[in-house]
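**Q** Got a structure for you, questions after.
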Amino acid sequence: MSGETVLIAQSGGVTRLTLNRPDKLNAFTLAVHAELNAGLQAANADPQCRVIVLTGAGRAFSAGQDLAEVGGPTDASTPDAGSRLEKAYNPLVKLITSLEKPVICAVNGIAAGAAANIALACDLVYAARSASFLQAFARIGLIPDAGGTYWLPRQIGFARAMGVALFADKVTARQAEAWGMIWEAVPDDAFAATVRERAARLAAGPTAAYRLIKQALRRSFEHGLADQLALEAALQGEAGRTRDFREGVAAFIEKRPARYEGR
Ligand code: T3D
C-alpha cells in the first residue's frame, strides 16, 4: 500500500501514514498530495482501520509546500498559488475533516506552512516537546492557508492568531498546548510510545460513537444552540442504536471491561 513519498502501515486497528521525504523535511509535492489522499481514502474505507495516525519521517513533521516545486512568479508553466490550494490543499483539508475515523496527528518535529495547518485539521494533535509550529507564510510574502485562518482564531483566539500570522515566529509545542492549539505536548523520549498507546486505546473504543462525536463537534461551528441541540438528538438516536451502546451498558452493569466492535 505504501507509495514513494507516503509510507502506510497497519496494525491492531491503527493505520499509520508517514510523510516520507526526510531530506526535504517532508515538504509537500503533488506526488505527496496524491499518495496521502489515496492513503486516507483507503484507510477510511477499510473496515480493519479504526484510527488513523499521520506523522513524518526524520526530524520534521513537514515543512509545508515544497518551494522548489512552486516555480518562480514569472514561470507561466506552473499553476499559481491560489489554484494549487484549490487543487491540492483544500481537498486535503476537507478530506481530513470528513474522515469517519479519529485522526491523530503525531507532530514529531517542526510543522511549517501548510503542514502546520494540516495538523490543526486533524482530530487530536500530539507534539513532541522539541517540535514547533511555524506559520511560515509571511516570511515569504504569503498568507496562512490550508485552513490556518479558520482554525487559528477559533483555537487560540484572534490576538494570538494575528500575532503568529504576522510575526511568523515558531510556536513551541508547550506553548501550543497551553494555548489550546493542540491536545498534548509529550516529552521526546515518551513521544512514540504515547502516540502508540493513545491510538491503541481509541482503536479499542466505540468507534461508531467516535464518528458521531466528530460530526457533532465539527458541525457546531456552523450552528446556533437550537440547531446544535437538534443535531445532538439526531446523532444520539443513532449512537443509541449501536451494538457498542448495548455492550457499554451491559459491561457497566456486569462490572467488566467493554468489548467494543465499532458498530
Ligand atoms: O504556492 C503555493 O503552493 C501556496 C501554498 C503554500 C503552502 C505553504 O506551505 S507556504 C510555506 C512553505 N514552507 C516554508 O516556507 C518553510 C520553509 N522551510 C523553512 O523555513 C526551514 O526549512 C524550517 C524552519 C522548516 C527548518 O529549518 P532547518 O534549518 O531546520 O532546515 P533547513 O536546512 O532549512 O532544511 C533542510 C532541507 O530541507 C534543506 O534542503 P538541503 O539544502 O539540505 O537540500 C531545505 O532546502 C529543505 N526544505 C526545507 N523546507 C523546504 C525545503 N525544501 C523545499 N520546500 C520546503 N518548504
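The values are calculated or read from the model by the stated rules, or taken from the named source; none is laboratory data. In this text the structure is predicted, and so the values were computed from the model without any measurement. Please note: Cβ atoms are built from the backbone with ideal geometry, for glycine as well, and neighbour counts cover all protein chains shown. Side chains included, ligands, DNA and RNA excluded: accessible areas come from the protein's heavy atoms. Shrake-Rupley method; radii C 1.70, N 1.55, O 1.52, S 1.80 Å.
**Q** Between Lys87, Lys94, which is under 26 Å from Glu222 (Cβ atoms), near the ligand (Cβ under 10 Å from one of its atoms) and out of contact with any strand residue (DSSP E or B) (no Cβ under 9 Å at 6 or more places or on another chain)?
**A** Details: Lys94 fails: near the ligand (Cβ under 10 Å from one of its atoms).
None of the others qualify; the one that does is Lys87.
**Q** So, in region 1-24, exactly how many residues are of a type in the set (D, E, K, R) and outside any loop (DSSP other than H, G, I, E, B)?
**A** Taking region 1-24 first, the residues of a type in the set (D, E, K, R) are 4, 16, 21, 23-24.
Filter again for outside any loop (DSSP other than H, G, I, E, B), leaving 16, 23-24.
Counting residues in region 1-24 that are of a type in the set (D, E, K, R) and outside any loop (DSSP other than H, G, I, E, B) gives 3.
**Q** Right, another one. Filter region 191-227 down to residues that are of a type in the set (S, T, N, Q) and surrounded by fewer than 15 Cβ atoms within 10 Å (Cβ to Cβ), then give me how many there are. Before you say what the answer is, go through the steps one by one.
**A** First, pick out the residues of region 191-227 that are of a type in the set (S, T, N, Q): 194, 207, 215, 220.
Within this subset, residues satisfying the condition of being surrounded by fewer than 15 Cβ atoms within 10 Å (Cβ to Cβ) are 220.
Residues meeting the conditions: 1.
**Q** Suppose we keep only residues that are within 11 Å of the ligand (Cβ to nearest atom) and part of a helix (DSSP H, G or I) within region 118-143. Which one would you say is nearest to Asn20 (Cα to Cα)?
**A** Ile118
**Q** Which pairs have Cβ atoms under 9 Å, sit 6 or more apart or on different chains, and link a residue in region 103-117 that is closer than 14 Å to Arg21 by Cα and more than 13 Å from the ligand (Cβ to nearest atom) to one that is open to solvent by less than 10 Å² (accessible area, probe 1.4 Å) and basic (Lys, Arg)?
**A** No pair meets every condition.
**Q** Within region 1-57, work out how many residues are within 14 Å of the ligand (Cβ to nearest atom) and more than 24 Å from Lys87 (Cβ to Cβ).
**A** 3
**Q** Restricting attention to region 194-211, does a residue exist that is closer than 17 Å to Leu120 by Cα, free of Cβ contacts under 8 Å to residues at least 60 places away in the same chain and not β-branched (Val, Ile, Thr)?
**A** Scanning region 194-211 turns up no residue that is closer than 17 Å to Leu120 by Cα, free of Cβ contacts under 8 Å to residues at least 60 places away in the same chain and not β-branched (Val, Ile, Thr).
**Q** Any residue at all in region 244-260 that's open to solvent by 60 Å² or more (accessible area, probe 1.4 Å) and modelled with pLDDT under 95?
**A** No, region 244-260 has no match at all.
**Q** Looking at region 134-178 only, could you name the residues that are surrounded by fewer than 16 Cβ atoms within 10 Å (Cβ to Cβ), in contact (Cβ under 8 Å) with a residue 24 or more places away in the chain and small (Gly, Ala, Ser)?
**A** Hit for region 134-178 is Ala138, nothing else.
Per-residue answers, yes or no, for (1) touching a residue at least 12 places away in the same chain (Cβ under 8 Å); (2) assigned to a loop (DSSP other than H, G, I, E, B); (3) open to solvent by less than 30 Å² (accessible area, probe 1.4 Å):
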site	(1), (2), (3)
Asn26	yes, yes, yes
His33	yes, no, yes
Ala38	yes, no, no
Ala43	yes, no, yes
Pro47	no, yes, no
Thr55	yes, no, yes
Lys94	no, no, no
Thr97	yes, no, no
Glu100	yes, yes, no
